[in-house]
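The values are calculated or read from the model by the stated rules, or taken from the named source; none is laboratory data. This is a predicted model, so every value here is computed, not measured. Don't worry about glycine lacking a Cβ; one is built from the backbone with ideal geometry, like all the others, and counts go over all protein chains shown.
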Amino acid sequence: MKTVCWIILTLNSCLNADFTRTNSGIVTDNITSLQWQDNYNDNKHLIKQTHWSEAIDYCEGLILEGKDDWRVPNIKELQSIIDNEEILFSINSIFKLNKAGFYWSSTTYQKDSLSHVWQVNFSNGSTIKGTKRDKISFVRCVRTEE
């Protein structure tokens, strides 16, 4: 039994070898040098859910580990944490706080940039255009590691 547990733990570590996690809830993608928010202490440990313009303000005002250069990720950055092998959520399992649903990106929809923005649905990993004005979605902030 100990051998089986060791194999499972080792396999999980190998699957997430491209990511590291701090005790304070920041996940670093070691390939892209992006740091991801996985700490929502400011929101009662719940992933922030808001309108698009408020998501922009939320990330720009976020301070984690003394870093204040957080922002809403662009669509390619947000897609980089999709893991289609996951069973319940399509986000990499290194993230402890997960909520199935739509997440904001900062990438506007080219044909209608005033009203629409691209989003990732972490229920299934799909990408869609979402309405900026009326819709409430989740936000996971990102920054580039220095």
Handout entry: Verdict on VAL139 being under 11 Å from the mean Cα position of the chain (by Cα), more than 25 Å from ALA17 (Cβ to Cβ) and surrounded by 18 or more Cβ atoms within 10 Å (Cβ to Cβ)
Key = yes
Completion exercise
Log entry, pairs with first residue in segment 53-64 being within 12 Å of ILE136 (Cβ to Cβ), second being surrounded by fewer than 12 Cβ atoms within 10 Å (Cβ to Cβ), beta carbons closer than 9 Å, six or more apart or on different chains, reads SER53/ARG133
Exercise for the section: Please determine, by comparing only the residues of segment 47-78 that are in a strand (DSSP E or B) and under 14 Å from the mean Cα position of the chain (by Cα), which one is farthest from LEU34 (Cα to Cα). Expected result: GLN49
Exercise for the section: Hey, can you tell me all the residues within segment 79-118 that are under 20 Å from TYR40 (Cα atoms), assigned to a strand (DSSP E or B) and among the polar types (S, T, N, Q)? Expected result: SER105, SER106
Practice task
Identify, from the list SER126, SER106, the residue that is among the polar types (S, T, N, Q), out of contact with any Ser or Thr (no Cβ under 6 Å at 6 or more places or on another chain) and buried (at least 16 other Cβ atoms within 10 Å of the Cβ).
Solution key: SER106
Problem - Single residue of segment 109-123 satisfying the filter (more than 21 Å from ASP29 (Cβ to Cβ) and not hydroxyl-bearing (Ser, Thr, Tyr)) that is surrounded by the most Cβ atoms within 10 Å (Cβ to Cβ) - result: VAL117
Practice task
Could you grab me the full set of residues in segment 102-118 that are free of Cβ contacts under 8 Å to residues at least 40 places away in the same chain and within 21 Å of TRP70 (Cβ to Cβ)?
Solution key: PHE102, TYR103, SER105, THR107, THR108
Handout entry: Of residues in segment 83-103 being under 19 Å from ILE26 (Cβ atoms) and either polar (S, T, N, Q) or surrounded by 19 or more Cβ atoms within 10 Å (Cβ to Cβ) (or both), the one modelled with the highest pLDDT
Key = TYR103
